[in-house]
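First comes the structure, then the notes that go with it.
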Amino acid sequence: QVQLVEFGGRLVQSGESLKLSCVSSGRPVNSRAMAWFRQASGKEREFVAGFSWETKYAESVKGRFAITRDYVKSTLYLQMDSLRPEDTALYYCAVGRSATDIPSDPARYEYWGQGTQVTVSS
């Protein structure tokens, strides 16, 4: 089994930055793609960014968010700059089923964390 724990979510002002972390433990996932998703209240879970041999971003966060990964620390990061109120959501990290694919469909991910809340006030 794989355990994922997200950290770093909090209340920030519009325009500020925040960095989320996702620590994995248990079964190694270094050979799998990983991604960040988010779910705003009353909305479906949506893809934010993914990391494999390349990185992939949702259009809404391109140029503002950056996904990185530290394989030694088994940690996935999401640096979020120029935050907007519409970025408010519960942010989840997830482990994919392959080394290379970064699907946008959450159903194609195998393991999930519990999420960390990011709230951006205007």
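The values are calculated or read from the model by the stated rules, or taken from the named source; none is laboratory data. All figures in this text were calculated on a predicted structure; none of them were measured in a lab. Here the Cβ is made from the backbone with ideal geometry for all residues, glycine too, and neighbour counts use every protein chain on show. Remember, those area values only see protein heavy atoms, side chains included, never the ligands or the DNA or RNA. Shrake-Rupley method; radii C 1.70, N 1.55, O 1.52, S 1.80 Å.
Annotations
- Residue match in region 70-85 (condition: part of a loop (DSSP other than H, G, I, E, B), surrounded by 15 or more Cβ atoms within 10 Å (Cβ to Cβ) and either of a type in the set (G, A, S) or at negative phi (or both)): yes
- The one condition in (1) over 14 Å from the mean Cα position of the chain (by Cα); (2) surrounded by 12 or more Cβ atoms within 10 Å (Cβ to Cβ) that S121 fails to fulfil: (2)
- Hey, Q114 open to solvent by 20 Å² or more (accessible area, probe 1.4 Å), assigned to a loop (DSSP other than H, G, I, E, B) and modelled with pLDDT of 95 or more or not: yes
- One residue stands out among those in region 1-45 that are open to solvent by 80 Å² or more (accessible area, probe 1.4 Å), of a type outside the set (S, T, N, Q) and modelled with pLDDT under 95: the one that is farthest from D101 (Cα to Cα), which is R27.
- Annotation: R84 fulfils all but one of (1) touching a Ser or Thr at 6+ places or on another chain (Cβ under 7 Å); (2) under 18 Å from Q3 (Cβ atoms); the unmet one is (2).
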